[in-house]
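To keep things clear, I will list the structure first and then write my remarks on it.
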């Protein structure tokens, strides 16, 4: 199974946060699953670090690259088809990062691991 991590799920996994559901923990931890982090999540983290809303133990680029390697996560690039697909989405979520994750999920046919109830209102498979 392939899954797309919402940004908070990526951070909770790395932090071993109790906020992470047991189902999400099991799926991420299963080496047979393909776990993807969107390039949009990297962009979102960069903005939050810059604004002081996210503190990391290492510089952002080092931290993300190390965690991708340690956890064998793959990067899902943002394709033009993903960006254009956001136009078709209803105005449920105004957050552009969440909208691109929904578009990527729909275009690629990959479920999203997220605790965000707004994302679950889209016609997309959400796992939590």
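Where a number appears in this text, it was derived from the coordinates with a stated rule and is not lab data. All values derive from a computational prediction rather than experimental measurement. Heads up, the Cβs are rebuilt from the backbone with ideal geometry, glycines too, and the neighbour counts pull from every protein chain shown.
What the table shows:
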| read-out | value |
| --- | --- |
| Close pairs from region 61-72: first at negative phi, partner part of a helix (DSSP H, G or I), Cβ under 7 Å, at least 6 apart | 64/42; 64/45; 67/14 |
| Residue that is farthest from the chain's Cα centre (by Cα) [pool: residues in region 109-128 that are part of a helix (DSSP H, G or I) and either surrounded by fewer than 17 Cβ atoms within 10 Å (Cβ to Cβ) or without any contact (Cβ under 8 Å) to a residue 60 or more places away in the chain (or both)] | 121 |
| Single unsatisfied condition, residue 81 versus (1) in contact (Cβ under 8 Å) with a residue 12 or more places away in the chain; (2) closer than 22 Å to residue 23 by Cα; (3) surrounded by fewer than 16 Cβ atoms within 10 Å (Cβ to Cβ) | (2) |
| Matching residues, region 1-33, being in contact (Cβ under 8 Å) with a residue 40 or more places away in the chain, over 15 Å from residue 66 (Cα atoms) and surrounded by 13 or more Cβ atoms within 10 Å (Cβ to Cβ) | 2, 3, 4, 5, 6, 7, 8, 9, 21, 24, 27, 28 |
| Any chance residue 99 is under 23 Å from residue 122 (Cβ atoms), touching a residue at least 60 places away in the same chain (Cβ under 8 Å) and part of a helix (DSSP H, G or I) | no |
| Residues of region 99-108 classified as in contact with a strand residue (DSSP E or B) (Cβ under 9 Å, 6 or more places away or on another chain) and crowded, with 19+ Cβ neighbours inside 10 Å, total | 5 |
| Of all residues making up region 43-53, the number that are free of Cβ contacts under 8 Å to residues at least 24 places away in the same chain and either in contact with a helix residue (DSSP H, G or I) (Cβ under 7 Å, 6 or more places away or on another chain) or exposed (fewer than 15 other Cβ atoms within 10 Å of the Cβ) (or both) | 7 |
